[in-house]
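In what follows, a structure is listed as structure tokens, so that the remarks can point back to it.
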Amino acid sequence: MLVRSAPASIPALGSSIPAFGSSIPAFGSVASVSWSMAPRRAFRPAGRAAGVDQAGRGRRAVPDDRVARCPADPLVGPRTNLPSADASLARELDDLAHRAWPPLRQVERAGWVLRESAGSSRRGNSVWARGDVPDLAAALATVRDFYTAAGLPPTFQLTPFSRPTGLGAVLDAAGYDDTGPTDVCTAPLAGLVSGADRAPAAAGSVGMTVTTTPADEWLDVAGQVLTTFNAQRPGTLAVLSALRLPTIYITLTVDGMPAAVGRGIADDRWLGVYSMATLPVARGRGAARRVIAALAEWAAGRGATHAYLQVEEVSAAARGLYADLGFRPVYRYTYRRAPLDATSGGGLP
């Protein structure tokens, strides 16, 4: 809900940003800032990729095999054989993501979590296979029955640390696809705030709205870019309503027209960056940088020190931006989904 207009003295995001939290308006208020509609700048990877250590501090060299797979993309994380130094951090990030997108319904069976969210998002409608199970055949039968009853194809989310023994071979034999490779990345908050300084120089009229619930204009922009807020909107709104973590929604406008949005979730020392979407007319012009900077300032004011996000392999422009802002990969996850033309149960035994 819109509460009040911020004072005109609030500085422009992208200029020299004051102490954390001081330039972000109160929930629901609007800040008028300026930016330049400058040409898009090409992303140039800056050498070897790097990651954070177990505590989320500092950087370590990335194994040569990861760089060899995709030397031009510094955000490619390990899909298997996760380095031991990253294992604890990766599990923490996986738990954070689960809390940030709580399923509408879930069933736990021998360590597996079967999630269902009215078809909204792959995460919310997939098996969180957290480890080996005593009886794989029985677990697969439970999965088959659960998703058949929900009218959804059985789907598994697999990470370097959630690949139960024998599961991959069963899914291969059943014809499950292997899609949506997504990298989970982290960055210090300070770098995200200063990242707005590298946006194009101010030269236009920009507004920013910060709310604690998704406003209509926020949903309109998100719906034009993100499937979860378009065809899957009813289920998505139900998931967001179930959130119990501090959350903000930011809408950035250009000349009064919504141009970019983002959502932030505060969870202990972490800011979760979600639902980033920029309309085509505003891409490459600093909109996403400013949204992320605002999210980072808000989270820092709540005691957060680092941010995490998930970015799909196919999102080339987003990956370039996030790498430039200082995000580094920790791990990669994928989804295994039953063939769409499969019979009931997705071909599971």
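None of the figures in this text is laboratory data; all of them are computed from the coordinates on show. Keep in mind that this is a model prediction, so the values were computed, not measured. Cβ atoms come from the backbone with ideal geometry, glycine included; neighbour counts cover every protein chain shown.
Scattering from the C-alpha atoms of the range 152-245 alone, worked out with Debye: what is log10 I(q)/I(0) at q = 0.10, 0.13, 0.17, 0.20 1/Å? Log10 I(q)/I(0), no solvent term: -0.54, -0.85, -1.14, -1.22. Taking amide hydrogens as placed 1.01 Å from N in the peptide plane, the amide H of Arg105 sits under 5 Å from those of Glu116, each at least 5 positions away in sequence or on another chain.
Counting only Cα atoms, the range 217-300 measures 34, 32, 18 Å along its principal axes, largest extent leading.
The Kirkwood hydrodynamic radius of the range 264-320, based on inverse pair distances between different Cα atoms, is 12.1 Å. Beyond 24 Å, the tail of the calculated P(r) for the range 95-251 holds 47 percent of the Cα pairs.
Taking the alpha-carbon centroid of each part, what is the distance from the range 104-146 to the range 282-335 in angstrom? Here the answer is 29 Å between Cα centres. A Förster distance of 45 Å, applied to the separation of the beta-carbon atoms of Asp197 and Arg244, puts the FRET efficiency at 0.85.
Simple spin-label estimate for Ala149 and Thr227 gives 2.6 nm between the two label positions (7 Å along the Cα-to-Cβ direction from each Cα).
The ranking of Phe161, Phe156, Phe327 from fewest to most other beta carbons within 10 Å of each one's beta carbon is Phe161, Phe156, Phe327.
Can you pull the Rg over Rh of the range 165-316, Cα-only, Kirkwood? My calculation puts Rg/Rh at 1.02.
Taking amide H as placed 1.01 Å from N in the peptide plane, Asp132 has its amide H under 5 Å from the amide H of Thr165, each at least 5 places away in sequence or on another chain. Based on the convex hull around the alpha carbon atoms, the range 229-349 presents an average projected area of 10.5 nm².
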